[in-house]
Amino acid sequence: VRFRSCDGNKKIHFGSSEPEDFRVGEDGVVYAERSFQLSAEPTEFVVSAQDKETQEEWQMRVKLTPEPAFAGASEKDQKKIEDIIFPWQQYKHSSPLKRQKRDWVIPPINLPENSRGPFPQELVRIRSDRDKSLSLRYSVTGPGADQPPTGIFIINPISGQLSVTKPLDREQIASFHLRAHAVDVNGNQVENPIDIVINVIDMNDNRPEFLHQVWNGTVPEGSKPGTYVMTVTAIDADDPNAQNGMLRYRILSQAPSSPSPNMFTINNETGDIITVAAGLDREKVQQYTLIIQATDMEGNPTYGLSNTATAVITVTDVNDNPPEFTAMTFYGEVPENRVDVIVANLTITDKDQPHTPAWNAMYRMTGGDPTGRFTILTDPNSNDGLVTVVKPIDFETNRMFVLTVAAENQVPLAKGIQHPPQSTATVSITVIDVNESPYFVPNPKLVRQEEGLLAGSMLTTFTAQDPDRYMQQTSLRYSKLSDPANWLKIDPVNGQITTTAVLDRESIYVQNNMYNATFLASDNGM
């Protein structure tokens, strides 16, 4: 007897209403408990199927009819084989008697895969009750019989005995659909063909197989318990609707085991891996390796088949470490009037992952540079801050700058993390006095004079100024740099300009009534 529940997972105990005469095994096989003679009338008893968990019970009546063995029949010949009879019935309808096909579906035949035989193994007997009056021939058609894969099922054309010739594999073909035919000796059809379905019953003959042997996932450091990490997936070629193909996952090991040996857990049905403990810190543990096991038979450790895969979980960086200056004060110096020069190198430390937005530094001046003479660039390799002069500085106006600088990252700090005092530093920049050139005011200087002025006449005094008020330098010296007509001279000490010749407006050196001469003022510094 066979019992099949709707969900296919019930654990059934069989019982008999006549336990002293008949016993039903856990596999549904009915045994005679003692030797006794059956009467000519059918013997009936009830077989019950009880759910071991819910105690729910179903019943079925079994009718046994004695079948006398004929002389010389072997034990195999006497074995009871189920008959499948071509369905028909007689009914009287205004005479004569007619045959009518019934609306009847042949129940499927269930065969376990990987049977050890012996082969051919008898399944059922196909027959027509017209074989009492006619000599019939039986055949089966369809995939597995006369169509590829051929020869798996054969039928005795005389007796109608249907047999299987070899072990079946459910993972290759889960069911066979055959048609049984009955014809007379002349080949004339005497019955309508009947459909026979043979289901291959799954056995647990396939281990789970992971889609990948190594799975890679990531999780941000500091993640709370319950954070989703990744999903691993295994498949089983066995029937997914039966226990043979129902998988369960578990974590066998975690390396390293810091700060807890159970940082992760896995949903045993879906394969989802989530965090189960706090304390993920990339600066301490950058990667975890988990060995994941998948077991069929719903994870039964005794009967289930298992396989393993590796899950590699990388702890990704978040900005939980602020940048900190290596000194509270940095020093630098710059010659006056110089631009585009680096005057100080600011160094910091940051424990976050290098060359990521959580590590890359940005520098911001918060005080000490109201006129914007400095900027701070970031060295992309070292992450240092490069204090650079962008506007000229006059020593005589500013001899020193004290800048206040704050260091930040390209992304904000993680929630709850504050910048410490070490994220701010001061930069003391000394301006170096350099020897600057004297300058004339005004320049150019215009003098109006009539032509014909005699030699030795004074024109003007042209004095220069030296911006280096704090240098120990003597007074300026003057000299003539350009005087095309050689009409002028300048006193080297006081800058008084006098004529050395008569001024002539018609001279070739006068253009548009203008005569140009250039004088030089020099100090005695570097």
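The values are calculated or read from the model by the stated rules, or taken from the named source; none is laboratory data. Bear in mind the structure is a predicted one, so any value in this text is a computation, not a measurement. FYI the Cβ positions are ideal-geometry reconstructions off the backbone, even for glycines, and counts take in every protein chain you see. These accessible areas exclude ligands, DNA and RNA; they are computed on the full protein's heavy atoms, side chains included. Shrake-Rupley method; radii C 1.70, N 1.55, O 1.52, S 1.80 Å.
Evaluate the following for T265: is it at pLDDT 95 or above and part of a strand (DSSP E or B)? Criteria met by T265. Of everything listed in (1) modelled with pLDDT of 95 or more; (2) farther than 30 Å from V200 by Cβ; (3) not polar (S, T, N, Q), the single unmet condition for I235 is (2). The set of residues from the stretch 198-256 being open to solvent by less than 40 Å² (accessible area, probe 1.4 Å), more than 25 Å from L168 (Cα to Cα) and either without any contact (Cβ under 8 Å) to a residue 24 or more places away in the chain or assigned to a strand (DSSP E or B) (or both) comprises F210, W215, G217, V219, V229, M230, Y249, Q254.
Limited to the stretch 423-471, what total is found for residues that are closer than 18 Å to D394 by Cβ, outside any loop (DSSP other than H, G, I, E, B) and open to solvent by 40 Å² or more (accessible area, probe 1.4 Å)? Going through the stretch 423-471 one residue at a time, the tally reaches 4. With respect to the conditions (1) loosely packed, with under 13 Cβ neighbours inside 10 Å; (2) under 30 Å from N398 (Cα atoms), T270 lacks only one, and its number is (2). The criterion of being farther than 30 Å from T347 by Cβ and assigned to a loop (DSSP other than H, G, I, E, B) does not hold for A521.
Of all residues in the stretch 26-42, exactly one satisfies the criterion of being farther than 15 Å from Q59 by Cα, within 55 Å of the chain's Cα centre (by Cα) and surrounded by 10 or more Cβ atoms within 10 Å (Cβ to Cβ), namely V29. Cβ-Cβ contacts under 7 Å between residues 6 or more apart (or on different chains), taken from a first residue in the stretch 506-526 that is under 17 Å from L453 (Cα atoms) to a second residue that is part of a strand (DSSP E or B), are listed as A517/S482; A517/L488. The stretch 67-151 holds strands (runs of 3 or more DSSP E) entirely within its bounds, and those carrying 1 or more residues that are modelled with pLDDT under 90 and open to solvent by 100 Å² or more (accessible area, probe 1.4 Å) map to 82-85, 89-92, 97-100. Annotation: of all residues in the stretch 294-307 being open to solvent by 30 Å² or more (accessible area, probe 1.4 Å) and in a strand (DSSP E or B), the one that is nearest to K351 (Cα to Cα) is N307. Residues in the stretch 472-497 that are among the aliphatic types (A, V, I, L, M), open to solvent by less than 50 Å² (accessible area, probe 1.4 Å) and either on the phi > 0 side of the Ramachandran plot or not in a loop (DSSP other than H, G, I, E, B) (or both): L488, I490, I497. Tally the residues that are in a loop (DSSP other than H, G, I, E, B) and more than 14 Å from Q59 (Cβ to Cβ), restricting the search to the stretch 11-25. Final tally of qualifying residues: 5.
One residue is enough: does the stretch 162-173 have a residue meeting the conditions β-branched (V, I, T) and open to solvent by 50 Å² or more (accessible area, probe 1.4 Å)? Yes, the stretch 162-173 contains a residue that is β-branched (V, I, T) and open to solvent by 50 Å² or more (accessible area, probe 1.4 Å).
Go through the stretch 498-519 residue by residue and tally those that are farther than 22 Å from T461 by Cβ and open to solvent by less than 90 Å² (accessible area, probe 1.4 Å). Residues in the stretch 498-519 being farther than 22 Å from T461 by Cβ and open to solvent by less than 90 Å² (accessible area, probe 1.4 Å): 3 in total.
For the stretch 358-379, the set of residues classified as at negative phi and without any contact (Cβ under 8 Å) to a residue 24 or more places away in the chain consists of P370, T371, T375, L377, T378, D379, listed by residue number. Assess whether L290 counts as being under 30 Å from the mean Cα position of the chain (by Cα), among the hydrophobic types (A, V, I, L, M, F, W, C) and open to solvent by 30 Å² or more (accessible area, probe 1.4 Å). Against the criterion (under 30 Å from the mean Cα position of the chain (by Cα), among the hydrophobic types (A, V, I, L, M, F, W, C) and open to solvent by 30 Å² or more (accessible area, probe 1.4 Å)), L290 does not qualify. Please work out if G452 is out of contact with any strand residue (DSSP E or B) (no Cβ under 6 Å at 6 or more places or on another chain) and assigned by the TED database to the domain that holds V502. Yes, satisfied.
Answer yes or no as to whether E333 is under 22 Å from V434 (Cα atoms) and either within 43 Å of the chain's Cα centre (by Cα) or of a type outside the set (S, T, N, Q) (or both). Answer is yes for this residue.
I'm checking my understanding of the structure. Among residues of the stretch 322-357 that are touching a residue at least 60 places away in the same chain (Cβ under 8 Å) and polar (S, T, N, Q), which one is surrounded by the fewest Cβ atoms within 10 Å (Cβ to Cβ)? Going through the qualifying residues, I end up with T329.
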